[in-house]
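The block underneath contains the structure these notes are about, expressed in C-alpha cells.
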Amino acid sequence: MNPVRIARSRATIVRWLFVALFFAFAIWFFKLAVTKEFHGEDMITYAERKRWEAQASLPAERGEIFDRLGSPIAINVPSYRLVAIYRLGDKQDPKQTVIDFKRTAQELAPVIGMESKELETYLIENKDRAQVEFGKKGNDLTLDQKKKIDALKLPGIRLIEEPKRYYPNGVFLSDTLGFVQKLTDDVGRIRLEGQMGIEKQYDEAMQESYGARFFEKDVAGGQLVQGGQGITKEPQDGTDLYLTIDHRIQQALEMEMQKMYKEYKPKNATAVVMDAKTGDILAMTDRPSFDPNKRNMKDFTNFAVSSRFEPGSTMKIFTLAAAIDAGVFEGSKTYKSGSYNYKGTVIKDHNYVGWGTIPMIEGVWRSSNVMFSILTAEQLGIDRYKEYYKKFHFDQRTGIDISGEVNSQSDLSKSLNAVITSWGQSTAVTPMQLLQAATAIAGDGEMVKPHIIKKADHVDKAPYKAETTVVGKPISAEAAKATRDALDGVVNGKKGTGQMYKLDDYRVIGKTGTAQISENGKYIEGKFIHSFLGMAPKDDPELIMYIAVDRPKKLESSSSGPVIMSPVFKSVMNTALQYRSIKPDTQEDSVDLEAKVTPSYIGETAGAAKELAEKNDAVPLVLGDGVQVVSQIPARGQEFVSGERVMLKTASTFKMPDLTGWSQRDVKKLVSLYDLKLDVIGKGFVTKQSARAGTIVKENGKLTVELAEPKE
C-alpha cells in the first residue's frame, strides 16, 4: 500500500478517536450539570465534605529480634531529631520561632553536647532559612534529652520523633545480626532498612506497613473533637524473629573471645556453640567484631559461614569415622610413624620424627599425619575416601539460614590431594561444614542441618517454626560411637594433643587442628590457623563447639593453639553444659527448655484461668476486677517458656502492678494489652515507673519506665 495512504488512514483514525473522547467527556459533564451528583452524592455536599476531611498515618513498628528464651537482641525505641524553626510562613513569632540566638544556644548546647558559642554561630549563619537541623549532634536524641529540651521551653525548638533500632547487648552476635540504617521513603517518613546480616536478609519480613485514618479538620487543620473519623487501612507491625541463640551462652562466649582477642591479637577468630541433636546455633561470634549501635566495623565477614580455610587436623575426625564405618580401622595394628612416602611425595608427622612404631589408635591421639595417610591410601582407598567426603557433605554448602555462606574448595581428582585432605590440608572448608559433619559423630550417624532462626511470628500468615532437618547418614550409629571412643584419648589420655581442653566435671572429646596458611600458591612460613572441634558429654554429646584462631601475634607457633584457645573452650562449654542442666558425672538428660503452647484463657473466670496458667508452668497476672478473662498475652497458640508471665485482662481498667525487676518485653506485653503509650529510659530491667503500684490505669493511658542493668 502507498505510504501516503497509510499515513492518511492513521490520521483519520486518530481524529475520530479524539472526536469520540470529546463527546464522551461532553456527555459526562452534561450529566454532572443536570444531576449534580458525583459517586452517587450531591456534588456540593461531596466537595464540602472533602474540604474538611484530612488523612493521617497510623504508625507501625519494624519486627524485633529475640533469643530462644525471648530476651531482646534488636528492638525498636523512640529517638528524636532536633529542628530550629526561624519562620512560620513568612512571619516570625516570638513564641513559636527562634529569635534569641544567644539564649537558645546557651541553654540548648549542654544538652546536645555542643559549645554554646559554636551553636550560636551555627544558628546565626542559618537565620535566613525557614528552619535548620543540627546534623549528628541533633539526631538520635534520647527520651532523657527530649525531656530536658522540653523543660527549657525554647521558642522555635522542636523535636520530631523517629524510629531507632537499639541493640541492648552491644557487641553481641554482631557479624551475624548486622544492623539497620535510617532511610526516608517517598512520602517523607523515616523507616529502618537492614544493611547487613539477619537484619538485611530478613528485612522484607520485618518491615512494617503503615496504616491510614481519615478525620474531620477545623480551619487550622486540627482534628475536630466531635468530628467524624475512621480507619481506612490498619497498620501492621513487621514479623518478630526468634533465634536459636541462648543469650546466656552467647554472653559467655563474647566475654571469653574478647579476652583472648585482647591478649593474643589474632588476625581473625571465630567460635560457634551448637546443639548436637537439633542443629540449633546457641552462640556464635567473630573477632574482630563491632557494636551495631555504633557500627564501628573493621570487618564485614561472618567467618563461620563466609570464610573457608584448610582445617588442619580437625578433618581427621571424619577420616577416622569413614575408616571405622568401612570396617578397615584396626586400632591395635602398628605402623611406623615419622614419615611416609606416597608416590614420591614424603609426608611427615608434625614433629618430623614421629614416635617410632606405635598402634594406630595412638596415631589418632597424637594426631599423626602419617597414620591418616596410610589409613586413607592403603586401607580405606582413595575412591572410597572421596565417597565419604561427599557423604559428609564437604562438597556442598550446609544451607544454613544465614546469608553469605560459601562452599568448600577442593580438587580430589588427584590422589595426592585426597591423601593430604584426609589429614586437613589441600582442601578448604568452612567452620559450619565441620560443625554439620560433627553432628553425625555426636549422634547415631545422622547428620543434621544447622540453623539460627527458631521461629517467626508472621502477622499475615501462619507462624514459621524451625524443625530439625536430617540431611544424611554418612556413618552408622555403631561407627559414630566407636569414633567417639577413639577420640576420647585425644583429650583425656596422657598422649593426646588436646589434654588442655579437659573439663573437671564433664568428659570432653574432640580434635585439635593446626593448619598452614596458603597464599598465592605457597604456604606462609611460621603462620598457622589453630582450631579445636570438641563435644560433650562424651557418651551422648549435647553440645558441639568449634573455635579457630588465625595468626595470633603473640605466642605464635605450631603448638600454641591449646594455650590460646582452651580457656575459651573450657569456660564456655562448662557454662553451656550447666545452663543445659547436664549433671556432672551422671550426665542425665537435660531439662526441657523448649517452649510450650499457650492455651486460650478467654471466657474462663479469673480464678480458673489463674489456676490453669499455673498448671502450665506460667506466671499468671490477672488485670482488672472483671469476672472473666476477655483478652490475653501471649495469645492462644503462641509459645511460652516455663516461668514466663501470662497477662490476663478482665476489665478496661486495672491496678498497676509493681513493675520492679520486669524485663522490657514483659512491660511491652502489658502496654499492648491496654493500648498504653510507653516511654522507655535506659536498658536492662525496670527500676522506676511513672504510675505507682496500685494506681488505677485506664486503656490508652501513658506509662514511663526507667530500666537499669542488674549490678553484680
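The values are calculated or read from the model by the stated rules, or taken from the named source; none is laboratory data. Owing to the predicted nature of the structure, the values given are computational and were not obtained by experimental measurement. Using ideal geometry, Cβ is built from the backbone for each residue, glycine included, and neighbour counts are taken over all protein chains shown.
Any residue in segment 405-413 that is within 20 Å of residue 481 (Cα to Cα) and touching a residue at least 24 places away in the same chain (Cβ under 8 Å)?
no
If you go through segment 172-200 one residue at a time, how many are within 17 Å of residue 293 (Cβ to Cβ) and in a loop (DSSP other than H, G, I, E, B)?
So the answer is 3.
For segment 613-625, give me each residue that is in contact with a Pro (Cβ under 7 Å, 6 or more places away or on another chain) and modelled with pLDDT of 90 or more.
621
Residue by residue through segment 170-188, note down the ones that are out of contact with any Phe, Trp or Tyr (no Cβ under 9 Å at 6 or more places or on another chain) and hydroxyl-bearing (Ser, Thr, Tyr).
Matches in segment 170-188: 176, 184.
Conditions (1) part of a strand (DSSP E or B); (2) crowded, with 16+ Cβ neighbours inside 10 Å; (3) assigned by TED's automatic domain parsing to the domain that holds residue 703, marked per residue:
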residue: 80; (1), (2), (3): yes, yes, no
residue: 84; (1), (2), (3): yes, yes, no
residue: 95; (1), (2), (3): no, no, no
residue: 108; (1), (2), (3): no, yes, no
residue: 111; (1), (2), (3): no, yes, no
residue: 119; (1), (2), (3): no, yes, no
residue: 145; (1), (2), (3): no, yes, no
residue: 170; (1), (2), (3): no, no, no
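I need every pair where a residue in segment 645-659 that is within 10 Å of residue 674 (Cβ to Cβ) has its Cβ under 7 Å from the Cβ of a residue that is among the polar types (S, T, N, Q) and buried (at least 19 other Cβ atoms within 10 Å of the Cβ), sequence separation at least 6 or different chains.
647/632; 649/632
Out of curiosity, is residue 358 of a type in the set (A, V, I, L, M) and either touching a residue at least 40 places away in the same chain (Cβ under 8 Å) or not assigned by TED's automatic domain parsing to the domain that holds residue 393 (or both)?
Considered against the rule, which asks whether it is of a type in the set (A, V, I, L, M) and either touching a residue at least 40 places away in the same chain (Cβ under 8 Å) or not assigned by TED's automatic domain parsing to the domain that holds residue 393 (or both), residue 358 comes out as no.
Residue under question is residue 497, and the condition is that it be surrounded by 15 or more Cβ atoms within 10 Å (Cβ to Cβ) and of a type in the set (Val, Ile, Thr); does it hold?
It is true that residue 497 is surrounded by 15 or more Cβ atoms within 10 Å (Cβ to Cβ) and of a type in the set (Val, Ile, Thr).
Could you grab me the full set of residues in segment 629-651 that are of a type outside the set (A, V, I, L, M), modelled with pLDDT of 90 or more and not in a strand (DSSP E or B)?
650
Hey, does segment 54-73 have a residue that's more than 30 Å from residue 278 (Cα to Cα) and basic (Lys, Arg)?
Within segment 54-73 (the criterion being more than 30 Å from residue 278 (Cα to Cα) and basic (Lys, Arg)), the answer is no, since none of the residues qualifies.
So which of 277, 265, 294 is more than 15 Å from the chain's Cα centre (by Cα), over 27 Å from residue 428 (Cα atoms) and not acidic (Asp, Glu)?
That would be 294, the only listed residue that is more than 15 Å from the chain's Cα centre (by Cα), over 27 Å from residue 428 (Cα atoms) and not acidic (Asp, Glu).
Of the residues 418, 456, 428, only one is touching a residue at least 40 places away in the same chain (Cβ under 8 Å), under 22 Å from residue 327 (Cα atoms) and buried (at least 18 other Cβ atoms within 10 Å of the Cβ); which?
418 is the lone residue from the list that is touching a residue at least 40 places away in the same chain (Cβ under 8 Å), under 22 Å from residue 327 (Cα atoms) and buried (at least 18 other Cβ atoms within 10 Å of the Cβ).
Tell me, please, whether a residue that is surrounded by fewer than 19 Cβ atoms within 10 Å (Cβ to Cβ) and over 20 Å from residue 268 (Cβ atoms) can be found in segment 541-557.
no
Residues of segment 302-324 being more than 30 Å from residue 489 (Cβ to Cβ) and out of contact with any strand residue (DSSP E or B) (no Cβ under 7 Å at 6 or more places or on another chain), which ones?
If the condition is that a residue be more than 30 Å from residue 489 (Cβ to Cβ) and out of contact with any strand residue (DSSP E or B) (no Cβ under 7 Å at 6 or more places or on another chain), then 305, 306, 307 are the ones that fit.
Here are 258, 250: which of them is outside any loop (DSSP other than H, G, I, E, B), touching a strand residue (DSSP E or B) at 6+ places or on another chain (Cβ under 9 Å), surrounded by fewer than 22 Cβ atoms within 10 Å (Cβ to Cβ) and modelled with pLDDT of 80 or more?
258
Could you grab me the full set of residues in segment 466-482 that are under 24 Å from residue 451 (Cβ atoms) and surrounded by 13 or more Cβ atoms within 10 Å (Cβ to Cβ)?
Matches in segment 466-482: 466, 468, 469, 470, 471, 472, 473, 474, 475, 477, 480.
Here is a list of conditions, (1) among the β-branched types (Val, Ile, Thr); (2) modelled with pLDDT of 90 or more; (3) exposed (fewer than 13 other Cβ atoms within 10 Å of the Cβ), and residue 660 meets all of them except one; can you say which number that is?
Among (1) among the β-branched types (Val, Ile, Thr); (2) modelled with pLDDT of 90 or more; (3) exposed (fewer than 13 other Cβ atoms within 10 Å of the Cβ), the lone unmet condition for residue 660 is (2).
For residue 46, work out the one condition from (1) modelled with pLDDT under 75; (2) part of a helix (DSSP H, G or I); (3) surrounded by fewer than 13 Cβ atoms within 10 Å (Cβ to Cβ) it doesn't fulfil.
(3)
Would you confirm, using the coordinates I've provided, whether residue 129 is in a loop (DSSP other than H, G, I, E, B) and at pLDDT below 95?
When the stated conditions are applied, residue 129 passes them.
Quick check, is residue 279 in contact with a His (Cβ under 7 Å, 6 or more places away or on another chain), modelled with pLDDT of 95 or more, within 30 Å of residue 386 (Cα to Cα) and in the same structural domain as residue 427 (by TED's automatic domain parsing)?
yes
Restricting to segment 666-701, name every residue that is crowded, with 16+ Cβ neighbours inside 10 Å and part of a helix (DSSP H, G or I).
666, 667, 668, 669, 670, 671, 673, 674 - these are the residues of segment 666-701 that are crowded, with 16+ Cβ neighbours inside 10 Å and part of a helix (DSSP H, G or I).
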